[in-house]
Amino acid sequence: MDEHEKMECAKSHRDITFSGQQSAERRGSELADEFNRLEVQIATILFAFAGFFFSFFTEKAKSFSFVVLFLLKFIFASSLFFLILSLTMGLLNIKRKEKFWDEVSNQRLVRYKKWMDAVKKQATFEEAEAFHSGTSLGKGIMISSPIWTWVLQTIFLALAIILLFALLLIFLF
């Protein structure tokens, strides 16, 4: 490669890196916004449903014995507890994904700066290429945010819905 080709290659790598950095920022923002809206919608619907059910519950529960009433109240409280845990895990998941995309964005910004140094002749093409290769982990490994928060959120949300639905069925029949 002659000097001109190296310069063009450096500019190309710089532009690709910058484009990837912008994509990472946009994707992080989209994920946080989408998931946040979804969490707010689920919370609003379930809390409204739980509030409606609670007023219905207090009227109908007078006919049950103390033990059954205690059990029903415990199930209702448990469902609300699982709902709160689900929302907490969902918000934690948002923050973890946001942090992940911030790290990706920062990594790409550092690569972009190194390619800019090569374009400005403050670093050689070989240095920029080595830096880029060293910070990209090759093409085989993909690092992502852990999914355990999402799994726990889904489990807790499912438990809350199942318990609320079970209580609804008890009071309907």
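Quick note: the coordinates plus some simple rules give every number you see, no bench work behind them. Note that the coordinates shown come from a computational prediction; the quantities given were computed from them, not determined experimentally. Heads up, the Cβs are rebuilt from the backbone with ideal geometry, glycines too, and the neighbour counts pull from every protein chain shown.
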field: Virtual paramagnetic centre 7 Å along Cα→Cβ of Asp102, amide N under 17 Å, in the stretch 68-92
entry: 91-92
query: Once the other residues with Cβ under 10 Å from the Cβ of Glu127 are scored (Lys, Arg +1; Asp, Glu -1), what is the net sum?
result: -2
- request: Report, in debye and to the nearest 20, how large the dipole of the chain comes out about its Cα centre when Lys and Arg carry +1 and Asp and Glu carry -1 on their Cβ.
  value: 620
message: Quick test of the membrane-span-like rule: which DSSP H helices of the chain reach at least 20 Å along their long axis (C-alpha atoms) with mean Kyte hydropathy at least 1.6?
response: 148-172
query: Which entry in (i) 90, 23, 21; (ii) 74, 42, 30; (iii) 46, 35, 32 matches Cα extents along the principal axes in Å derived from the coordinates of this structure?
result: (i)
message: Expected output is a single nm value to one decimal: the length gained when fully extending between Glu30 and Cys9, i.e. 0.36 nm times separation in residues minus the C-alpha distance. What is it?
response: 4.4 nm
field: Long-range lysine pairs (8 or more apart or interchain), the chain, Cα under 18 Å
entry: 11
message: Could you compute the net charge surrounding Asp15? Neighbours are other residues with a C-beta less than 13 Å from the C-beta of Asp15; K and R count +1, D and E count -1.
response: +3
- prompt: By how many nm would the segment from Ile155 to Phe81 lengthen if fully extended, with 0.36 nm per residue of separation less the alpha-carbon distance?
  reply: 25.4 nm
